[in-house]
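Here is the structure we will look at, set down as structure tokens.
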Amino acid sequence: TSETARALELRARDRQRKLVSKIDAALARIEDGSYGYCEETGEEIGLKRLEARPVATLSVEAQERREVAERQFRDREDGF
């Protein structure tokens, strides 16, 4: 059980580290004026999405396309 607790702690720290990195990147985008614009399409990311996920780099539509493509890729790798 201590091994499980250690694994959970390491996973939590890794997630925190990644979030800090995303926050730093969002702050840099604010500085350079690109915050709030989709990295794929260049269109504005909706305010509701930014309120829900301030570190978002993709619009909802672009994120959905990416997730569909990732699922299709995974399914092909798994032989489905």
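Before moving on, here are some points about what is shown:
- The number of residues in the range 41-80 that are more than 20 Å from Ser21 (Cβ to Cβ) and in a loop (DSSP other than H, G, I, E, B) comes to 8.
Residue-by-condition table, conditions (1) modelled with pLDDT of 95 or more; (2) in contact with a strand residue (DSSP E or B) (Cβ under 6 Å, 6 or more places away or on another chain); (3) open to solvent by less than 70 Å² (accessible area, probe 1.4 Å):
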site	(1), (2), (3)
Ala28	yes, no, yes
Glu31	yes, no, no
Gly42	yes, no, yes
Leu47	yes, no, no
Leu50	yes, no, yes
Leu58	yes, no, yes
Glu77	no, no, no
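- Filter result (modelled with pLDDT of 95 or more, among the β-branched types (Val, Ile, Thr) and surrounded by fewer than 11 Cβ atoms within 10 Å (Cβ to Cβ)) within the range 2-26: Val20
- Scanning the range 60-80 for residues that are of a type outside the set (D, E, K, R) and either under 24 Å from Glu40 (Cα atoms) or touching a His at 6+ places or on another chain (Cβ under 7 Å) (or both) yields Val60, Ala62, Gln63, Val68, Ala69, Gln72, Phe73.
The values are calculated or read from the model by the stated rules, or taken from the named source; none is laboratory data. Owing to the predicted nature of the structure, the values given are computational and were not obtained by experimental measurement. A quick note on method: Cβ atoms are made from the backbone with ideal geometry, for glycine too, and the neighbour counts reach across all protein chains shown. Side chains included, ligands, DNA and RNA excluded: accessible areas come from the protein's heavy atoms. Shrake-Rupley method; radii C 1.70, N 1.55, O 1.52, S 1.80 Å.
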